[in-house]
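**Q** Submitted below is the structure of interest, expressed as structure tokens.
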């Protein structure tokens, strides 16, 4: 049995050599590829996965400890999910934090005076390269969506809802809420509060080395 110390609890950027890469299908957002990969022992394996630009989500908490959320239809899972404001990192060169601020304004009409990083993750590392960053936003105020922005598709039909953080945590643990940004974000927020408060979190401008490493090998 291997027991790791805190210093060892870190995911390590690595890239096994790609012998050949084939695009199987290309969509509006994602690309489906097949890589022939050389293993460290000299073997070869084939892996198919989705290439994705990445996304950010925002756990926005007001002074009454309520979260600003949306209810949005998600066609692949045939569910209307309760989710945090979120969006793709599909604007070339856009700063991650600016992307999160833009999404918060676009989806729920809110600006925030305080930003921290809650958690970084890969959404499904066995089948997609999508990196996610979830922010905590506080000191909320109303704002207008960016000029020219129009909600369309599923977003045009979504509702803006509010719920206390504690009740959202209860619903996650009961298996009633499933969006990965919501699940990871609210549990991270709850854990941070129990472990010393939100001020112990990384600043909103913190680097995102996992995404940078992943994109260097894209």
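The values are calculated or read from the model by the stated rules, or taken from the named source; none is laboratory data. Bear in mind the structure is a predicted one, so any value in this text is a computation, not a measurement. Backbone-built Cβ (ideal geometry, glycine too); neighbour counts: all protein chains shown.
**Q** Take residues that are more than 15 Å from the chain's Cα centre (by Cα) and tell me which of the strands (runs of 3 or more DSSP E) falling wholly in the stretch 14-122 contain 1 or more. Working first, answer last.
**A** Values: elements: 18-26, 31-38, 44-51, 55-60, 66-74, 79-83, 86-88, 110-122.
Per the criteria, 18-26, 31-38, 44-51, 66-74, 79-83, 110-122.
Yes or no, residue by residue, for (1) under 25 Å from residue 73 (Cα atoms); (2) part of a strand (DSSP E or B); (3) modelled with pLDDT under 95:
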site	(1), (2), (3)
155	yes, no, yes
161	yes, yes, no
169	yes, no, no
182	yes, no, no
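**Q** I would also like to ask the following. In the list 39, 22, which residue meets the criterion of being surrounded by 11 or more Cβ atoms within 10 Å (Cβ to Cβ), at pLDDT 95 or above and over 19 Å from residue 134 (Cα atoms)?
**A** Details: 39 fails: surrounded by 11 or more Cβ atoms within 10 Å (Cβ to Cβ).
Only one candidate qualifies: 22.
**Q** For the stretch 104-122, indicate whether the set of residues that are touching a residue at least 60 places away in the same chain (Cβ under 8 Å), in contact with a helix residue (DSSP H, G or I) (Cβ under 7 Å, 6 or more places away or on another chain), surrounded by 15 or more Cβ atoms within 10 Å (Cβ to Cβ) and over 27 Å from residue 141 (Cβ atoms) is non-empty.
**A** yes
**Q** With 192, 188 as the choices, which residue is modelled with pLDDT of 95 or more, touching a strand residue (DSSP E or B) at 6+ places or on another chain (Cβ under 6 Å) and not in a loop (DSSP other than H, G, I, E, B)?
**A** 188
**Q** Give me the residue from the stretch 183-192 that is out of contact with any helix residue (DSSP H, G or I) (no Cβ under 7 Å at 6 or more places or on another chain) and buried (at least 16 other Cβ atoms within 10 Å of the Cβ) and, out of that set, farthest from residue 62 (Cα to Cα).
**A** Going through the qualifying residues, I end up with 184.
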